[in-house]
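Report on the structure given below.
Just so it is clear, none of the values below were taken in a lab; they were calculated from the coordinates. Remember, predicted model here, so these are calculated numbers, not experimental data. Neighbour counts run over all protein chains shown; Cβ positions are idealised from the backbone, glycine included.
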Amino acid sequence: MYLEFKIQNSSISGANPAYIKKFNFVQKSFQNKKVKEILFYEVMKQSINESINDAELLISDYNKLQTNEVYLAEINDMINKWSILLKGKKAPHFSYKALNGKTVRIEDLLGKVVYIDVWATWCVPCLREPPFLEKLQEDLKNNDMTFLSISIDNDQVAWRSMVKNKKMKGIHLIAENDWKSNIVADYLITDIPRFIIIGRDGNIINSNAPRPSSEKIRSELTEALGS
């Protein structure tokens, strides 16, 4: 909490992502060895869980500066686990049925930037995002974008009813086996909603992307469309 307070009230500026700023602040501003060990560890753990691309940029410095062997090993294990989902890696395959019964595969979406929403009808945080998602869809409708929502609902009737009754836009698929589905395992999903950006070439741009309600998402999608 103290670190967050210091970051928010510091004069740190620049284009570096938030976790890189935090990491650099710990390196420059804290002297106690044990405190630095803990903070380096916590910043890296948060970064891996929320922005694996930032964590990958930090891992070299972390390995040089982390003096606690337990923390060092744990973070490197996490990085290795997430490495298949780094920016530029081929997006793991999925193939699920849409409302009309047609099967949609990730390969069918090549040529457009894909913004994926993994959600469920019972997930309260998930249900806060559709208005923001629809605004994104409207604003980016003339771009090479596909908006894809994949439900992990166990109750397909509830899923179909919500999508139809709320007139939810975009492509809607349902993953069989809910939390045991392939997309949950392959994309290391532990909570929802989870958003993913995949490039025109089928490679990952961000495997843990900002939500539609985030101020960051527009710039990320604009950058993805320009790449």
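The figures follow:
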{"quantity": "Inter-part distance where the range 151-227 and the range 114-133 are each reduced to a Cα centre, Å", "calculated": "8 Å"}
{"quantity": "√(5λ) per eigenvalue of the Cα gyration tensor, the range 95-226, largest first, Å", "calculated": "21, 16, 15"}
{"quantity": "Cut-off under 5 Å, modelled amide H: who pairs with R194 long-range", "calculated": "V118"}
{"quantity": "Calculated [θ] (222 nm, deg cm²/dmol) that DSSP helices of n ≥ 4 give over the chain, each run adding -39,500 (n - 2.57)", "calculated": "-13500 deg cm²/dmol"}
{"quantity": "Gain upon complete extension [I38, R105; 0.36 nm per residue less C-alpha separation]", "calculated": "19.9 nm"}
{"quantity": "Built amide H within the under 5 Å cut-off of L110, gap 5+", "calculated": "none"}
{"quantity": "Using a Förster distance of 35 Å, the FRET efficiency for D155-K216 (Cβ separation, nearest 0.05)", "calculated": "0.60"}
{"quantity": "Exposure proxy order (Cβ contacts within 10 Å, fewest to most) of V157, V104", "calculated": "V157, V104"}
{"quantity": "Furthest towards positive pole of dipole, L188, I48, A18, structure part the chain, Cβ charges", "calculated": "A18"}
{"quantity": "Residue pairs, from the table K45/K81; K89/K112; K21/K45; K21/K90; K21/K216, whose Cα atoms sit over 20 Å apart", "calculated": "K21/K90"}
{"quantity": "Only Lys, Arg (+1) and Asp, Glu (-1) charged, at Cβ; the chain dipole about Cα centre in debye", "calculated": "300 debye"}
{"quantity": "Least to most buried among F40, F147 (fewest other Cβ within 10 Å first)", "calculated": "F147, F40"}
{"quantity": "Calculated FRET value between K89 and Q31, using beta carbons and R₀ = 45 Å, to 0.05", "calculated": "0.75"}
{"quantity": "Dipole in debye (nearest 20) - the range 72-140, about Cα centre, beta carbon charges: Lys, Arg +1; Asp, Glu -1", "calculated": "260 debye"}
{"quantity": "³J(HN,Hα) computed for each position of the range 187-198 - Karplus, 6.51 cos²θ - 1.76 cosθ + 1.60, integer Hz, glycine/proline x", "calculated": "9, 6, 8, 10, 8, 10, x, 10, 10, 9, 10, 10"}
{"quantity": "Computed magnitude of the charge dipole of the range 162-217 (debye, nearest 20; Cβ of K, R +1, Cβ of D, E -1)", "calculated": "380 debye"}
{"quantity": "For the range 109-117, 3J(HN,Hα) per residue [Karplus equation, 6.51 cos²θ - 1.76 cosθ + 1.60, θ = phi - 60°, Hz, x = Gly/Pro]", "calculated": "9, 4, x, 10, 6, 10, 10, 9, 10"}
{"quantity": "Footprinting exposure proxy for T146, T222 (fewest neighbouring C-beta atoms within 10 Å first)", "calculated": "T222, T146"}
